[in-house]
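The structure appears below as structure tokens.
The values are calculated or read from the model by the stated rules, or taken from the named source; none is laboratory data. A quick note: this is a predicted structure, and the numbers were derived from the prediction, not measured. For neighbour counting, all protein chains shown are included, and Cβ atoms are generated from backbone atoms with ideal geometry for every residue, glycine included. Keep in mind that these areas ignore ligands, DNA and RNA; they rest on the heavy atoms of the full protein, side chains included. Shrake-Rupley method; radii C 1.70, N 1.55, O 1.52, S 1.80 Å.
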Amino acid sequence: AGVPRAWLSWYVAAALALDAVAAAAGCAVALAVLPPAAPGLLHVAEIVVFAVLWTALVALNHGYDARLLGAGPDEFRIIMRTAIAAFALAGVVVLMLGYVDGGRRVVIAIGLTALLDAGVRYVLRQQLHRRRASGRSVQRVLAVGRADGVSLLVDQLSRDTSHGLDVVGVCLSSNRDG
């Protein structure tokens, strides 16, 4: 399990909010590009439902999982996996309901949402990197191992703060056979 990271709560909240905003924007643009025959308050509901469904799909794809946030390409893979799942789900719904005109709007909404969401996640990651460079949003760790390996690790982590690991101590193994 491990100790909860203090930065994680703001990061997850920001990711969730930005995912919903990206979905709402993608859906709104799709409705503007291919307006339905009957405009009105129903479209606000469509935007809200689409944003809720998008964030639910992101969550089902582990998009808010602490192990996958803040480092590496996993956050971006999750957004693309979510888009693929959304396209598949939309395809099934369109085939079952014969909702061809709406299907075009959904395809535009999903595509735009995936692009927007990847963009906002990138901006969020850059903000996290800036916080880490200033010594915030880091996880304090103990480096354990042989002196040469620990030295290399500490050097690398001190040069690149984007990992979010702050070495606060070392524990060196003896030089006996491993």
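Scanning segment 53-63 for residues that are over 13 Å from A109 (Cβ atoms) and either in contact with an Asp or Glu (Cβ under 9 Å, 6 or more places away or on another chain) or part of a helix (DSSP H, G or I) (or both), we see that the one that is most open to solvent (accessible area, probe 1.4 Å) is L60. Tell me yes or no: at least one residue of segment 29-37 is open to solvent by less than 80 Å² (accessible area, probe 1.4 Å), under 15 Å from A14 (Cβ atoms) and modelled with pLDDT of 85 or more. Taking every residue of segment 29-37 in turn, none turns out to be open to solvent by less than 80 Å² (accessible area, probe 1.4 Å), under 15 Å from A14 (Cβ atoms) and modelled with pLDDT of 85 or more. Quickly run through segment 114-166 and pick out the residues that are part of a loop (DSSP other than H, G, I, E, B) and in contact with a Gly (Cβ under 9 Å, 6 or more places away or on another chain). Hits for segment 114-166 are S137, V138, R146, G164. Sub-8 Å Cβ pairs linking a first residue in segment 126-137 that is more than 12 Å from S162 (Cβ to Cβ) to a second residue that is open to solvent by less than 70 Å² (accessible area, probe 1.4 Å), at least 6 apart or interchain, are G135/D166; R136/W7, ordered by first then second residue.
Scanning segment 67-96 for residues that are under 19 Å from W10 (Cα atoms) and exposed (fewer than 14 other Cβ atoms within 10 Å of the Cβ) yields a total of 2.
On the given criteria, is G63 touching a Gly at 6+ places or on another chain (Cβ under 8 Å) and not β-branched (V, I, T)? No.
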